[in-house]
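The block underneath contains the structure these notes are about, expressed in structure tokens.
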Amino acid sequence: MDPLLDEKFILTVSQVLPEHFQKTLQVQAEREAYGPSKNEGFCYENATCVEFVGDLNGKIYLALDGYTKLKLLPRIAKSFQIDPTSRAHSSSIMMEFANQISGKLISEMRLGRFEIDILPPENLNHKLVPISLERYRQYILIFFLKDRREEEYLGRLYTILLLEKYSQK
């Protein structure tokens, strides 16, 4: 376990995610809470998993409750220039948004000389996602989302980061 590597990844998420929200949606994402977690699973209205492999292996989950998804979906669709009222597109819109965030995160890690690639995003909406605490170190970062211009509360984004533990062979 390398605590400095974990910290670098957490700090990178804490920087990249708010910048992406501000740039693409004009939404302020303030890190409200973060830390190690020992949850053995989770289930959200909207959850997207992006797995990464290379010098560091793990997964990042971007999860929203129903209220937050309802508030963010029209903004995200507008940024992609897609009609948000088409229900068939909502999952793919959210997955592409998570993929963009993950891509920026991995690009930042590559600048730090880590060889990392991301795999295609996986839709885990309404699914119980088990987490192996024997295999992964788990961190959770919760972001408070707000539109400062309209003074509107948009909900919370739950970011669950799993970093694979090194084997002791």
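The values are calculated or read from the model by the stated rules, or taken from the named source; none is laboratory data. Please read all numbers here as calculations on a predicted model, not as lab measurements. Positions of Cβ are backbone-derived with ideal geometry, glycine not excepted, and every protein chain shown enters the neighbour counts. When the accessible area is computed, the model is the full protein with side chains, heavy atoms only, and any ligands, DNA or RNA have been set aside. Shrake-Rupley method; radii C 1.70, N 1.55, O 1.52, S 1.80 Å.
Kindly establish whether Glu19 is touching a Leu at 6+ places or on another chain (Cβ under 8 Å) and open to solvent by 80 Å² or more (accessible area, probe 1.4 Å). Show your work before the answer.
Numbers: touching a Leu at 6+ places or on another chain (Cβ under 8 Å): no; open to solvent by 80 Å² or more (accessible area, probe 1.4 Å): yes.
Criteria not met by Glu19.
Look at Leu163 and say whether it is part of a strand (DSSP E or B) and modelled with pLDDT under 95. Even if it seems obvious, please write down each step before you answer.
Values: part of a strand (DSSP E or B): yes; modelled with pLDDT under 95: yes.
Against the criterion (part of a strand (DSSP E or B) and modelled with pLDDT under 95), Leu163 qualifies.
Going through segment 140-165 one residue at a time, which ones are touching an Asp or Glu at 6+ places or on another chain (Cβ under 7 Å) and open to solvent by less than 50 Å² (accessible area, probe 1.4 Å)?
If the condition is that a residue be touching an Asp or Glu at 6+ places or on another chain (Cβ under 7 Å) and open to solvent by less than 50 Å² (accessible area, probe 1.4 Å), then Ile142, Phe143, Leu154, Gly155, Leu163 are the ones that fit.
How about segment 115-148: which of its residues are under 19 Å from Leu17 (Cα atoms) and not in a strand (DSSP E or B)?
Across segment 115-148, the qualifying residues are Leu119, Pro120, Pro121, Arg148.
Which of the residues belonging to segment 95-114 are surrounded by fewer than 17 Cβ atoms within 10 Å (Cβ to Cβ) and either among the small types (Gly, Ala, Ser) or assigned to a strand (DSSP E or B) (or both)?
Gly103, Ser107, Gly112, listed by residue number.
So for segment 22-40 (the condition being more than 14 Å from the chain's Cα centre (by Cα), surrounded by 14 or more Cβ atoms within 10 Å (Cβ to Cβ) and closer than 13 Å to Leu161 by Cβ), does at least one residue qualify?
Yes, the conditions are met somewhere in segment 22-40.
Out of everything in segment 99-125 that is aliphatic (A, V, I, L, M) and in contact with a Leu (Cβ under 9 Å, 6 or more places away or on another chain), what residue ends up being nearest to Leu62 (Cα to Cα)?
At the first step, the residues of segment 99-125 found to be aliphatic (A, V, I, L, M) are 101, 105-106, 109, 111, 116, 118-119, 124.
Retained after the next criterion (residues that are in contact with a Leu (Cβ under 9 Å, 6 or more places away or on another chain)): 101, 105, 109, 116, 118.
Numbers: Ile101: 9, Leu105: 13, Met109: 18, Ile116: 19, Ile118: 14 Å.
Looking at the filtered set, the residue picked out is Ile101.
Condition test on Ile131, is it at pLDDT 90 or above, surrounded by 14 or more Cβ atoms within 10 Å (Cβ to Cβ) and β-branched (Val, Ile, Thr)? Spell out the reasoning first.
Numbers: at pLDDT 90 or above: yes; surrounded by 14 or more Cβ atoms within 10 Å (Cβ to Cβ): yes; β-branched (Val, Ile, Thr): yes.
Judged against the criteria, Ile131 is a match.
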